[in-house]
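To keep things clear, I will list the structure first and then write my remarks on it.
The values are calculated or read from the model by the stated rules, or taken from the named source; none is laboratory data. Keep in mind it's a predicted model, so treat the numbers as computed, not measured. Only protein heavy atoms, including side chains, enter the accessible area calculation; ligands, DNA and RNA are left aside. Shrake-Rupley method; radii C 1.70, N 1.55, O 1.52, S 1.80 Å.
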Amino acid sequence: MVRAMLKRLVSHSLSIAGRSQHNQLRRLNIHEYQGAGLMGKYGINVPKGVAVSSVEEIKKAIQDVFPNEKELVVKSQILAGGRGLGTFKSGLKGGVHIVKVEEVEQIA
């Protein structure tokens, strides 16, 4: 009797665990730069960064925000996980690159 109850309990626990794994919902869809902005707004230290979407914005950001830097980190911003695994049409692999300032426009 105890063995049957234990078997039923374990079986029920596994089915609950299995069901919850299949029913996960993503309720918050924000990019990394948006999360950093929110954290910074509420006093959490985050690295300095700027979201850009054009070559003109890149030039302005380098001039205004990073005038004395020799290297910068260029990150793609996507909602899907695994940004580091992506491949671009140009053949560039991965979505995070540390590059010299002179290369930022080309990589971005």
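Extension gain, Lys89 to Asn45: 0.36 nm times the residue separation minus the Cα-Cα distance gives 12.4 nm.
Cross-link list Lys59/Lys100; Lys48/Lys100; Lys48/Lys93; Lys48/Lys89; Lys41/Lys93; Lys60/Lys93: which exceed 22 angstrom alpha carbon to alpha carbon?
Violating the 22 Å limit, Cα to Cα: Lys48/Lys93; Lys48/Lys89; Lys41/Lys93; Lys60/Lys93.
What accessible area per residue comes out for the range 36-80, rounded to a whole number of Å², with a 1.4 Å probe?
Values: 3560 Å² over 45 residues.
Per residue, the range 36-80 has an accessible area of 79 Å².
Within straight-line reach of Lys75, meaning a Cα separation under 18 Å, sit the following aspartates and glutamates at least 8 residues removed in sequence or on another chain: Glu32, Glu56, Glu57, Glu102, Glu103, Glu105.
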